[in-house]
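Please read the structure below before turning to the comments.
The values are calculated or read from the model by the stated rules, or taken from the named source; none is laboratory data. It should be emphasised that the depicted structure is a prediction, and the values quoted were computed from it without experimental measurement. With ideal geometry, Cβ positions are generated from the backbone for all residues, glycine too; neighbour counts draw on all protein chains shown.
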Amino acid sequence: MPDLQKIYDPKSVEQPTYQRWLKSGYFNPDKLPNAKKRKPFSIAMPPPNVTGELHIGHSLDLTTQDILTRWKRMSGFASLWLPGTDHAGIATQILVERTLREQGISRYAIGRETFLKHVWQWKEKYGERIVEQIKRLGASCDWSREHFTMDPRLSEAVQTAFVRLYHDGLVYRGERVIHWCTDDQTGISDLEVDYREEAGTLWYIRYPLLTGNEYVTVATTRPETMLGDTGVAVHPDDPRYKKILGQRVKLPISGRIVPIVADRAVDPQFGTGAVKVTPAHDVLDFEIGERQGLSKLVVIDHHGRMTAAAGRDFTGMGTLEARELVVRLLRESGNLVKTEDFTHNVAYCSRSATRIEPLLSRQWFVKTKPLATLALAALRSKKTVVVPERFAKVLVRWLTNIRDWNISRQLWWGHRLPIWYCIACDEPVASIKEPKATCRRCRNRGYRHDDDTLDTWFSSALWTFSTLGWPKKTKDLRRFHPTAVLGTGWDILFFWVARMVMFSRYFLKEVPFKTVYIHGLVLNQQGQKMSKSKGTGIDPIPMAEKYGTDALRLSLVVGTAPGLDFRMSEQKIAGQRNFCNKLWNVSRYVLTQPPLAKGGRRSRQAPRGGGSRGGTFADAWILARLNEVTSTVTQHLDKYQFGLAVEALQQFLWKDFADWYVEIHKVEKNTAVLRHVLRQCLILLHPFAPFITEAIWKAMGEKRLLMIESWPTNKNRYQHELRTIQGFKNFQRLVIGLRNLKIHGANNQPLSIQPTTKLNRELLARLTGVAFADQAPTEADRVVIADEQLMVPGAVAKQYADWRRREVEQLNRYIAQKEQLVANAKAPEHVRAQAQADLNAARSRIAELE
RNA sequence: GGGCGGCUAGCUCAGUUGGUUAGAGCGUCACAUUGACAUUGUGAAGGUCAGAGGUUCGAGUCCUCUGCCGCCCACCA
């Protein structure tokens, strides 16, 4: 028997165990026993940022996916969990840029090539770290299939996808107002913008009509943009403005003359019902300008400074400075009518937290409507099922109202757009490699590569199939796509999940995953999303070191439900550490039991617990419960109810097995059953707590790895087993009753009683601390516990009766309730029958008490 | 403006199709203990399931409304 330490020490177990798994090759589905006969089950790991650090959210992601992967592997599937990392364009570039800046290096000074070298160095340096951390969590993914979104093969997939979309007319270049981040110097998509409610000012400005002495008054939160106004818009049906429609105004300050136009986008209720239109610096204004044929005047540049077009007095000014000057000039000229306090939503870059500058810009867009239609069909036909279901509605709504996706980024780190422009005439050509042919428009040769890179989510959207070899028709792609499950948090539903469905349906004509399992987010004790920058997070790695990885994993699963956020605390992890220790020690007990008698059956075979084969009642009970739990756990896993699955297992292992069965085993030894139950517990628990279970498994002398042991299916022995479980409850009632008799009847003093029927005195004495005698104690009184009549000292009986009075009251209430149900003619027969049975039981118990 | 989620024991949370006396962990109280385990055991206390109404023989669970807390989407010049 191997020596197990008194306390479970995860440190000495985890690393060697992971190495054993790696060495076995079983993370690779091709190397599993009977690999060819297995049906595929695959999960694509959401790739973490290559230079990032593992946070608690990753841990949750990884834990749930590892549970599924391991469970399916044990259930006989060719289980593939494909890992990888993401180049995370903007996030990584900002990070590296910031570090360089601290050394006084600007990326512009060193140039694109050199900067990228720095980023690659960074990637080499830190890329390994996150992978190590993933391994640390016990993730059973196939590292031979690991990918990085900027691997040459994946880059090829990205370019292929782009070129195809281009030729199909689903990618286009357009000039429009986009969200521009002046700090990161790039355009970003709608999803990368955060809105914050802020107190601001609404300025009312008078624009004089060109003819006559009249004015039209407009309201704005950004007066400086009036330098770029090229029109004033009113609602076509607004009676106030009917007569000035088509007239022109002369803008104060710039003196430019612009038309008054009618557009339905104007809300007559807001402000004065007349809007200044700045098509180059506002999304809505741009749309009005397009419809009404207004010119576009760029007055703010990429750095948030006023351009020459803003006027000589303003050139080079920051927008806020320009605003002050504009307001002052308006006030001086008497054109500032009034100001109002005003709260509105201000757009910020979600990365750099700088204010977004809406800017007219030429960018590449994905035409999303046709793709969204494909995705919607997949969701509606349940080709992809969303768990929990309500998130499907969220996706459907987003896809229904989808807008074109700005995919070009003015970043250096990322997939460069496979777009080439003719040097002579600027005609764009989509091509992975530099085109050799002459320009189709001007017949000249020579191209320049587009400087921009793609939104990082563009490559992520291909992840489930690019990692399997697409665009090549590989064996892996055929076998493992569509993947079985995608597991992720609801926070990247739009960024990633929706786009994966769109692209997969478009390029492969199939869904990327059959199920998407959405877990909640991990919150801190204040109920906020854990955030490293705010220092409110729980760092998983130190927790795993302190309490063990299994404890961390379990704590991320226990007490959670699909899609619901939950709070995390160190205390919770400590609680799961205690459970691991319990498992460890109960195993120690099992291992100290002498080996089976010669000729006895091997523990590998499921022993029969029934009485006729020599098994005790307790054996039959624990085996029945084991079967019940096996089925419960499997059912919960089928529904992604990880929390319920673990809860059922832990209750069984700790309460039923350790507290009851093991204690009974100390008196009535049936080590075959003991070992069998532990063995099966290890199997069932392995997907959740892989390290400790594998270690104990080995200590039990098993030769094969637990990770490929077969997942048990329970045999239908239900009726028989339910009766056994029910019967055992009676025994438990007797034990608990005797314990209470001793504590509350005899003040925990030594107590000797005389049973009137035959009982297993040794066992009961051991479990309850009550001594049994053949003679009745002096001045004995009769007490009935669980149908057993016991002679106890009169004083004890009295005190016990007093103590139990509460219980009588409770029972009376219960009985009344059951009587009502029994008398209820409309209740179904089986419900009434059950109620009758409960009633009878309660009546007999109350008879005991009184 | 539109939508979603939460409100269950002091705290953190489960509770799958309506039907055992609504559960767990932590915490609390009392007690125990040198042989698997104090990262323990035993026993106990603690809940009008946010509120109101409805459907039903029966509601934590289904419907309507209200209140608080959190989130998402849209963006208002």
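Annotations for the structure displayed:
- Every residue from region A:396-413 that is within 16 Å of RNA strand B (Cβ to nearest atom) and outside any loop (DSSP other than H, G, I, E, B): A:Val396, A:Arg397, A:Trp398, A:Leu399, A:Thr400, A:Trp405, A:Asn406
- Scan of region A:693-714 for residues that are within 16 Å of A:Ser140 (Cα to Cα), β-branched (Val, Ile, Thr) and in contact with a Phe, Trp or Tyr (Cβ under 9 Å, 6 or more places away or on another chain), ordered by number: A:Ile708
- Filter result for A:Gly200 (within 16 Å of RNA strand B (Cβ to nearest atom), surrounded by fewer than 18 Cβ atoms within 10 Å (Cβ to Cβ) and over 30 Å from A:Arg70 (Cβ atoms)): yes
- Matching residues in region A:685-702 - criterion: being in contact with a Pro (Cβ under 7 Å, 6 or more places away or on another chain) and either more than 11 Å from A:Ser587 (Cα to Cα) or part of a loop (DSSP other than H, G, I, E, B) (or both): A:Phe691
- No other residue among A:Val497, A:Val501, A:Val485, A:Val429 is out of contact with any Gly (no Cβ under 6 Å at 6 or more places or on another chain), under 30 Å from A:Gly57 (Cβ atoms), part of a strand (DSSP E or B) and not basic (Lys, Arg) apart from A:Val485.
- Residue match in region A:692-700 (condition: over 30 Å from A:Pro33 (Cβ atoms), in contact with a Lys or Arg (Cβ under 8 Å, 6 or more places away or on another chain) and hydrophobic (A, V, I, L, M, F, W, C)): no
- Close contacts from region A:636-647, counting a first residue that is within 19 Å of A:Ile683 (Cβ to Cβ) and a second that is β-branched (Val, Ile, Thr) and near RNA strand B (Cβ under 10 Å from one of its atoms), with Cβ to Cβ under 9 Å and a gap of 6+ residues or different chains, come to A:His636/A:Val646; A:Phe642/A:Val558; A:Phe642/A:Thr560; A:Leu644/A:Thr632; A:Ala645/A:Thr632; A:Val646/A:Val558; A:Glu647/A:Val558.
- Scanning region A:1-27 for residues that are within 16 Å of RNA strand B (Cβ to nearest atom) and in a helix (DSSP H, G or I) returns A:Pro10, A:Lys11, A:Ser12, A:Val13, A:Glu14.
- Which numbered condition A:Val783 misses (of (1) away from RNA strand B (no atom under 11 Å from the Cβ); (2) free of Cβ contacts under 8 Å to residues at least 40 places away in the same chain): (2)
- Where a residue in region A:276-298 is without any contact (Cβ under 8 Å) to a residue 60 or more places away in the chain and its partner, wherever it lies, is charged (D, E, K, R), with Cβ under 8 Å and at least six apart: A:Val277/A:Asp229; A:Val277/A:Asp285; A:Thr278/A:Asp229; A:Thr278/A:Asp285; A:Ile288/A:Asp263; A:Gly289/A:Lys296; A:Arg291/A:Asp263
- In region A:651-679, the qualifying residues are those that are in a helix (DSSP H, G or I) and in contact with a Ser or Thr (Cβ under 7 Å, 6 or more places away or on another chain), and the one that is nearest to RNA strand B (Cβ to nearest atom) is A:Leu678.
- In region A:242-265, residue farthest from RNA strand B (Cβ to nearest atom) [restricted to those that are over 25 Å from A:Glu224 (Cβ atoms) and within 53 Å of the chain's Cα centre (by Cα)]: A:Ala262
- The set of residues in region A:274-291 being surrounded by fewer than 18 Cβ atoms within 10 Å (Cβ to Cβ) and either farther than 26 Å from A:Gly316 by Cα or in contact with a Cys (Cβ under 7 Å, 6 or more places away or on another chain) (or both) consists of A:Glu287, A:Glu290, A:Arg291.
- Sole residue being farther than 26 Å from A:Val326 by Cα, more than 10 Å from RNA strand B (Cβ to nearest atom), of a type in the set (Val, Ile, Thr) and surrounded by fewer than 21 Cβ atoms within 10 Å (Cβ to Cβ), chosen from A:Thr186, A:Thr160, A:Thr211, A:Thr217: A:Thr160
- Only listed residue being within 12 Å of RNA strand B (Cβ to nearest atom) and either among the β-branched types (Val, Ile, Thr) or more than 30 Å from A:Cys181 (Cα to Cα) (or both), chosen from A:Pro268, A:Pro223: A:Pro268
- Matching residues, region A:505-514, being surrounded by 19 or more Cβ atoms within 10 Å (Cβ to Cβ) and closer than 20 Å to A:Leu68 by Cβ: A:Val511, A:Pro512, A:Phe513
- Taking first residues from region A:97-110 that are without any contact (Cβ under 8 Å) to a residue 60 or more places away in the chain and partners that are surrounded by 10 or more Cβ atoms within 10 Å (Cβ to Cβ) and not in a loop (DSSP other than H, G, I, E, B), the Cβ contacts under 6 Å between residues at least 6 apart in sequence or on separate chains come to A:Glu97/A:Arg107.
- Residue match in region A:223-243 (condition: in contact with a Leu (Cβ under 7 Å, 6 or more places away or on another chain), surrounded by fewer than 19 Cβ atoms within 10 Å (Cβ to Cβ) and of a type outside the set (Asp, Glu)): no
- In the condition set (1) away from RNA strand B (no atom under 16 Å from the Cβ); (2) surrounded by 13 or more Cβ atoms within 10 Å (Cβ to Cβ); (3) in contact (Cβ under 8 Å) with a residue 60 or more places away in the chain, A:Asp30 is compliant with all but (3).
- Verdict on A:Asp168 being among the charged types (D, E, K, R), out of contact with any strand residue (DSSP E or B) (no Cβ under 9 Å at 6 or more places or on another chain) and free of Cβ contacts under 8 Å to residues at least 12 places away in the same chain: yes
- Scanning region A:300-319 for residues that are part of a helix (DSSP H, G or I) and in contact (Cβ under 8 Å) with a residue 60 or more places away in the chain gives A:Ala309, A:Ala310, A:Thr319.
- No other residue among A:Arg601, A:Arg613, A:Arg577 is touching a helix residue (DSSP H, G or I) at 6+ places or on another chain (Cβ under 8 Å) and either aromatic (Phe, Trp, Tyr) or at pLDDT below 50 (or both) apart from A:Arg601.
- Taken over region A:549-598, the criterion of being part of a loop (DSSP other than H, G, I, E, B) and more than 8 Å from RNA strand B (Cβ to nearest atom) is satisfied by A:Leu556, A:Val557, A:Gln593, A:Pro594, A:Pro595, A:Leu596, A:Ala597, A:Lys598.
- Taken together, the residues in region A:728-764 that are among the aliphatic types (A, V, I, L, M) and touching a helix residue (DSSP H, G or I) at 6+ places or on another chain (Cβ under 7 Å) amount to 7.
- Subset of region A:537-555 [under 15 Å from A:Ser569 (Cβ atoms) and among the hydrophobic types (A, V, I, L, M, F, W, C)]: A:Ile538, A:Met543, A:Ala551, A:Leu552, A:Leu554
- All conditions in (1) in a helix (DSSP H, G or I); (2) surrounded by fewer than 22 Cβ atoms within 10 Å (Cβ to Cβ); (3) not polar (S, T, N, Q) hold for A:Cys442, with the sole exception of (1).
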